[in-house]
């Protein structure tokens with residue numbers, strides 16, 4: 001196994017310089033650092049795990065977590081998975097500083113700056129789909145603060161990885177479910193969280209493309225926005241039902257499911273719409289058991305939280321980029337009978 005002494009001799013620098021490069025301590029000339037890392041890779045250098053743990057404890061890694069929706073139960077589960085993984089990583093002395101925000105890129109930018117000023121070493125982020133946020137992620141990278149996006153993404157940014165579902169495939173899956181549930185004939189109302197979030201938009205695009213691919217009996221009748229808020233969702237769905245009595249299906253691309261479903265129940269329709277949603281938070285499970293929701297597509301929020309923290313901490317400890325820049329969680333479909 002290669003040693004720091006051997007790397008130093010081949011690099012023509014001191015062991016202290018090699019140590020600083022490999023353990024990210026202090027400032028080293030960029031050209032020198034690149035040379036040291038290349039030689040370490042050629043020699044298949046494996047850092048001592050005890051040494052890494054000790055260095056991390058001294059550094060006191062602080063991870064910023066910036067997610068949507070203070071009252072969004074999906075992101076509660078993301079945090080649950082993340083915090084469980086944090087306990088496993090306790091040997092490294094990591095701490096987490098969390099923020100929850102609305103679908104507003106200006107608010108998000110301010111929250112990122114606040115976390116950066118608080119001294120975070122890395123950021124786990126559900127980003128707004130906005131060019132200013134992309135530039136901010138790039139700026140963080142330039143300033144030594146790597147970012148992992150979770151649940152939704154900005155693919156052309158300098159984030160080191162995205163963890164979440166294939167949201168276009170989610171939309172295609174929803175299309176398949178509506179085809180099965182309605183005999184390929186339905187007037188669909190879409191209730192989305194925000195047009196400023198890529199995963200919400202791609203779930204809509206996936207459904208539209210499914211329809212365009214020969215499913216001419218399915219039609220998107222209307223699209224409304226609920227900001228992932230149950231109260232707004234109730235009002236939005238009640239308005240949809242009143243304006244479009246021909247609706248025979250509802251597609252919730254994000255949260256606000258319980259409020260929207262309550263509006264359907266309260267409408268007392270003789271033929272309620274077939275409803276497809278995402279995830280199995282407690283209120284969604286309740287509506288699924290009652291038969292209000294026909295099916296829900298689950299995307300493993302706890303796994304998303306755990307994997308995003310693992311990737312970020314591994315990078316901060318080793319300096320190595322993740323082997324995969326996109327980590328997709330499994331999709332599975334739940335119906336009442338599967339609960």
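The values are calculated or read from the model by the stated rules, or taken from the named source; none is laboratory data. For clarity, every value in this text was computed on a predicted model and none was experimentally measured. Using ideal geometry, Cβ is built from the backbone for each residue, glycine included, and neighbour counts are taken over all protein chains shown.
Just one of the listed residues (98, 71, 77) is buried (at least 16 other Cβ atoms within 10 Å of the Cβ), within 17 Å of the chain's Cα centre (by Cα) and outside the structural domain of residue 252 (by TED's automatic domain parsing), namely 77. Has segment 171-180 got any residue that is under 25 Å from residue 306 (Cα atoms), out of contact with any helix residue (DSSP H, G or I) (no Cβ under 8 Å at 6 or more places or on another chain) and touching a residue at least 40 places away in the same chain (Cβ under 8 Å)? No: segment 171-180 contains no residue that is under 25 Å from residue 306 (Cα atoms), out of contact with any helix residue (DSSP H, G or I) (no Cβ under 8 Å at 6 or more places or on another chain) and touching a residue at least 40 places away in the same chain (Cβ under 8 Å).
Matching residues to (1) at pLDDT below 95; (2) within 21 Å of residue 298 (Cβ to Cβ); (3) outside the structural domain of residue 215 (by TED's automatic domain parsing):
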position	(1), (2), (3)
153	no, yes, yes
176	no, yes, no
179	no, yes, no
182	no, no, no
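For segment 273-313, the tally of residues that are in contact with a strand residue (DSSP E or B) (Cβ under 9 Å, 6 or more places away or on another chain), in a loop (DSSP other than H, G, I, E, B) and over 27 Å from residue 126 (Cα atoms) stands at 3. Screening the candidates 262, 336, 271 for the property of being more than 30 Å from residue 45 (Cα to Cα), out of contact with any helix residue (DSSP H, G or I) (no Cβ under 9 Å at 6 or more places or on another chain) and surrounded by fewer than 21 Cβ atoms within 10 Å (Cβ to Cβ) yields one hit, 271. Within this structure, residue 133 fails the test of being buried (at least 23 other Cβ atoms within 10 Å of the Cβ), touching a residue at least 24 places away in the same chain (Cβ under 8 Å) and touching a strand residue (DSSP E or B) at 6+ places or on another chain (Cβ under 9 Å). Number of residues in segment 307-330 that are crowded, with 22+ Cβ neighbours inside 10 Å and touching a helix residue (DSSP H, G or I) at 6+ places or on another chain (Cβ under 6 Å) equals 1.
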